[in-house]
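Notes follow the structure.
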Amino acid sequence: MENREEVKSIIRYLPVFLRSSNIFWPPPVVEALKSLSGGPNCSNVDSGELLFLAISDMRNSLSLSADPLSPSAPHGISLFFDDLMSRAEATKWFGDVVPELAKLVLRLPALLESHYVNAQQGTALRLLESQEPGIVLLSQELVGALLACSLLCLFPVAIRGAKRLPTINFDQLFASLYDSYDEKQENKIKCIVHYFERISSHMPRGNISFMRKVLPLQQSSFAISYPMPGLWKKSTVSLCPFQVYSSGLIEDQTEEALEVDFANKYIGGGVLHKGCLQEEIRFVINPELILGMLFLPAMAKNEAIEIVGAERFSNYTGYASSFRFSGNYMDKRDVDMSGRRKTRITAIDAKSNPGYRQYKVEYIMREINKAYCGFIDQSYIQDIRPPSCTPEDVYMETSSTSSGDNKILSIDKLNKDFERKGDQCMGQHDSIGIATGNWGCGAFGGDPELKTIIQWLAASQASRPFISYYTFGIDKLQSLDQVTRWIMSQKWTVGDLWNMLIEYSSQKLQRETKVGFCSWLLPSLHAHDPMDLY
């Protein structure tokens, strides 16, 4: 076991220990977990205050005393379980749920050993480092056991920063509840507590996959690489159908689709802190998504993360400060051949607060290639570590090539490859479209009309059969349905729409127009077609 590369890459980030072929808990932790599993009559743990004392004892047994938790964590845990939770709910939590979670955590070494014995090649739990495409396939039971360790704050902390790994223990989630109470934070915790209540009474038996997708920066003759502006400009791929929804939520759509997570580059964003926007809400109603934060370092510009199979456990209302847990949710989505629920989520991070810079070609390129990476089928992305050369070096437009192995191909050759590989994707996922919305807007400050067109171009080039766009009723997108239907009627290609977007962005940068893309385009449409747009 200790000679397996996957185990060697992740073991220091786990709370368990490895010796020879055995993964194990230290004896004091075993005794503590056995005590907790016996319920309050055995452990005397019947309050948030006493639960934190038990957590502290286990952390000391794991030699984590020099790796301190948030100072407010004990107060936050006590506040939630002793004051905010009703007495009846607390009695059930400490009498039924905590003992079952303790039994689950006690079995973590056995679950991990079974996982490594049975995992198919290339799917075992490991650190999926930046620029290393790959997939990790985990059972929901193993995910539950690891998340229970997060609740008990048993993961080492200090070593995570060097690998650009986000927080995984729940101490700061509870600490922020105490430091500056607000109702949304309480309701985030309610969602996560509800998840633990569900799995303690009935453990789901499916699987979840976490995939790091990478668009290699080096051009390849056998897989899709990081496209440059000339490739988008010359694309002859047809635009996919565009469906506009002024109401509804991405996670509630009924057609099978890849659902966009408006992600932070550190996946999960502020879910275990004070955040409560689109990504954080998705992570608390589907808490199994949080497990990806354990082993997925921050995303680079040419990376995305795709998660398949995460089950939804909670209903909710509201958004941001108005977010509220509203009860149990029974997820009835079908299961695929790998035992994964057919919930597909792609995490792509937009640039934050770009201002007028977002209209520069290099910024548009960054966003469109990020979305393209998130939307493309992974089987068409080259599975190699990109070299140190830059995309500009790789995609240099030249009529000649250098000798030897380091050939630099012309933009015309790359464009043909881009078109050919786009065509090859057709039929691979002909029923799975994209469900998205105002990615990178709102708190991130992006232009919603710009981001809409960028996502449409990326989905079309990735050969997705449709894009379902949820506007959340914002005023700037009132004419989106009208504009997209006219564009579709003209049979524009990806290259046609790209060129219009670049022309608009150039005028925006030079302060030649102050209107949004749709308003800018509509007069032009009227000039070319006097007929009614409908």
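I want to confirm something. Restricting to the stretch 184-219 and keeping residues that are open to solvent by less than 10 Å² (accessible area, probe 1.4 Å) and not in a helix (DSSP H, G or I), which single residue is nearest to Phe325 (Cα to Cα)?
Looking at the filtered set, the residue picked out is Ile208.
Only one of (1) at pLDDT 95 or above; (2) under 23 Å from Ser326 (Cβ atoms); (3) open to solvent by 30 Å² or more (accessible area, probe 1.4 Å) fails for Gly248. Which number is that?
Going through the list (1) at pLDDT 95 or above; (2) under 23 Å from Ser326 (Cβ atoms); (3) open to solvent by 30 Å² or more (accessible area, probe 1.4 Å), Gly248 breaks only (1).
Go through (1) part of a helix (DSSP H, G or I); (2) surrounded by 21 or more Cβ atoms within 10 Å (Cβ to Cβ); (3) in contact with a Ser or Thr (Cβ under 7 Å, 6 or more places away or on another chain) and name the single condition Ala148 misses.
(3)
For the structure I just gave you, tell me whether Met365 is modelled with pLDDT of 50 or more and more than 30 Å from Leu497 (Cα to Cα).
no
Determine which single condition Ala90 fails, assuming it passes every other condition in (1) more than 27 Å from Asn44 (Cα to Cα); (2) of a type outside the set (Asp, Glu); (3) open to solvent by less than 10 Å² (accessible area, probe 1.4 Å).
So Ala90 meets the others, but not (1).
Taking the stretch 32-64, which residues are without any contact (Cβ under 8 Å) to a residue 40 or more places away in the chain and open to solvent by 60 Å² or more (accessible area, probe 1.4 Å)?
Asn41, Cys42, Asn44, Glu49, Leu50, Leu53, Asp57, Asn60, Ser63
Just give me the residues in the stretch 1-57 being of a type in the set (A, V, I, L, M, F, W, C) and touching a strand residue (DSSP E or B) at 6+ places or on another chain (Cβ under 9 Å), in sequence order.
Across the stretch 1-57, the qualifying residues are Met1, Val7, Ile11, Leu14, Val16, Phe17, Leu18, Ile23, Phe24, Trp25, Val30.
Suppose we filter the stretch 340-378 for residues that are in a helix (DSSP H, G or I) and touching a residue at least 24 places away in the same chain (Cβ under 8 Å); how many remain?
Total meeting the criteria: 18.
Any residue that is under 29 Å from the mean Cα position of the chain (by Cα), part of a helix (DSSP H, G or I) and of a type in the set (Asp, Glu) - is there at least one of those in the stretch 94-109?
The answer is yes; a qualifying residue exists.
Are any of the residues in the stretch 307-314 in contact (Cβ under 8 Å) with a residue 60 or more places away in the chain, in a loop (DSSP other than H, G, I, E, B), open to solvent by less than 30 Å² (accessible area, probe 1.4 Å) and acidic (Asp, Glu)?
Yes.
Report, by residue number, each residue of the stretch 254-292 that is open to solvent by 20 Å² or more (accessible area, probe 1.4 Å) and either hydrophobic (A, V, I, L, M, F, W, C) or more than 30 Å from Tyr181 (Cβ to Cβ) (or both).
Thr254, Glu255, Glu256, Phe262, Leu277
Being surrounded by fewer than 19 Cβ atoms within 10 Å (Cβ to Cβ) and either at pLDDT 90 or above or basic (Lys, Arg) (or both) is true for just one of Ile453, Ile474, Ile434. Which residue is that? Break it down into steps so the answer makes sense when it comes.
On the way: Ile453 fails: surrounded by fewer than 19 Cβ atoms within 10 Å (Cβ to Cβ); Ile434 fails: surrounded by fewer than 19 Cβ atoms within 10 Å (Cβ to Cβ).
Testing whether each residue is surrounded by fewer than 19 Cβ atoms within 10 Å (Cβ to Cβ) and either at pLDDT 90 or above or basic (Lys, Arg) (or both) leaves just Ile474.
Can you tell me which residues in the stretch 112-129 are crowded, with 17+ Cβ neighbours inside 10 Å and part of a loop (DSSP other than H, G, I, E, B)?
Correct list: Ala119, Thr123, Ala124, Leu125, Arg126, Leu127, Leu128.
So, in the stretch 130-145, of the ones that are of a type in the set (S, T, N, Q) and outside any loop (DSSP other than H, G, I, E, B), which residue ends up surrounded by the most Cβ atoms within 10 Å (Cβ to Cβ)? Full working, then the answer.
Within the stretch 130-145, the subset of a type in the set (S, T, N, Q) is 130-131, 139-140.
Now narrow it down to the ones that are outside any loop (DSSP other than H, G, I, E, B): 139-140.
Details: Ser139: 20, Gln140: 22.
Checked the stretch 130-145; the qualifying residue surrounded by the most Cβ atoms within 10 Å (Cβ to Cβ) is Gln140.
Any idea which of (1) free of Cβ contacts under 8 Å to residues at least 12 places away in the same chain; (2) charged (D, E, K, R); (3) not in a helix (DSSP H, G or I) is the one Asp67 doesn't satisfy?
Just one mismatch for Asp67, condition (1).
Scan the stretch 494-515 for residues that are modelled with pLDDT under 95 and buried (at least 19 other Cβ atoms within 10 Å of the Cβ) and report the count.
Matching residues across the stretch 494-515 total 0.
Those residues that are part of a loop (DSSP other than H, G, I, E, B) and buried (at least 18 other Cβ atoms within 10 Å of the Cβ), I need them from the stretch 70-87; list them, please.
Ser70, Ser72, Met85
Got at least one residue in the stretch 332-339 being at pLDDT 95 or above and in contact with a helix residue (DSSP H, G or I) (Cβ under 8 Å, 6 or more places away or on another chain)?
Within the stretch 332-339, not a single residue is at pLDDT 95 or above and in contact with a helix residue (DSSP H, G or I) (Cβ under 8 Å, 6 or more places away or on another chain).
List, please: which pairs have Cβ atoms under 6 Å, are six or more places apart or on different chains, and start with a residue in the stretch 147-169 that is without any contact (Cβ under 8 Å) to a residue 60 or more places away in the chain and end with one that is open to solvent by less than 20 Å² (accessible area, probe 1.4 Å)?
Close Cβ pairs (under 6 Å, with a partner that is open to solvent by less than 20 Å² (accessible area, probe 1.4 Å)) amount to Ala148/Leu101; Ala148/Leu104; Ala148/Val105; Leu151/Phe170.
For the stretch 482-493, name all the residues that are of a type outside the set (S, T, N, Q), assigned to a loop (DSSP other than H, G, I, E, B) and open to solvent by 60 Å² or more (accessible area, probe 1.4 Å).
Lys491
Right, Lys416: modelled with pLDDT under 95, touching a strand residue (DSSP E or B) at 6+ places or on another chain (Cβ under 7 Å) and outside any loop (DSSP other than H, G, I, E, B) or not?
For Lys416, the condition - modelled with pLDDT under 95, touching a strand residue (DSSP E or B) at 6+ places or on another chain (Cβ under 7 Å) and outside any loop (DSSP other than H, G, I, E, B) - is not met.
The values are calculated or read from the model by the stated rules, or taken from the named source; none is laboratory data. All of these numbers come straight from a predicted model, not from anything done at the bench. When we count neighbours, we look across all protein chains shown, and the Cβ atoms used for this are built from the backbone with ideal geometry, even at glycine. In case anyone asks, the SASA skips ligands and DNA or RNA and just uses the protein heavy atoms, side chains included. Shrake-Rupley method; radii C 1.70, N 1.55, O 1.52, S 1.80 Å.
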